[in-house]
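Presented below is the structure to which this report refers.
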Ligand code: SF4
Ligand code: SF4
């Protein structure tokens with residue numbers, strides 16, 4: 001089944017599982033996950049402070065999870081409660097990157 005995802009006032013809806021990058025990535029960004037992702041769905045711009053997984057392009061292979069040296073990546077159903085906001089932020093980044101960058105800055109303080 002094709003994945004469908006959308007954001008509505010910060011709430012994210014997706015009909016399939018995906019992987020999520022959380023706050024442990026902030027200012028680490030070694031990009032080990034980018035190197036192992038077979039579909040190039042982990043993205044960061046030069047001025048980003050963390051990477052983000054595109055929820056529709058992710059094929060749930062799990063390769064990134066074990067590659068991350070700081071344990072920042074979780075399958076969506078196992079994202080820790082305290083990191084739950086990052087599920088939405090990963091998806092929102094692809095439509096509203098500046099909003100997400102500002103939120104990451106705030107969370108990093
Ligand atoms: S689970 Fe696989 S496809 Fe999804 S982001 Fe990680 S490496 Fe890429
Ligand atoms: S491997 Fe982990 S710390 Fe490195 S860029 Fe990916 S999510 Fe961030």
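Remark: C-alpha extents of the stretch 16-108 on the principal axes read 30, 26, 24 Å, sorted largest to smallest.
Once C-alpha pairs closer than 8 Å and six or more residues apart are averaged by separation and normalised to the residue number of the chain, the relative contact order reads 33 percent.
Peptide packing: for 96-103, 48-55, the average count of neighbouring Cβ atoms within 10 Å per residue gives the ranking 48-55, 96-103, highest mean first. Ranking of 60, 46 by neighbouring Cβ atoms within 10 Å, starting from the fewest: 46, 60.
Every number in this text was worked out from the coordinates using simple rules, so none of it is lab data. No experiment lies behind these values; they were computed from the predicted model shown. Virtual Cβ from ideal backbone geometry, glycine too; neighbours counted across all protein chains shown.
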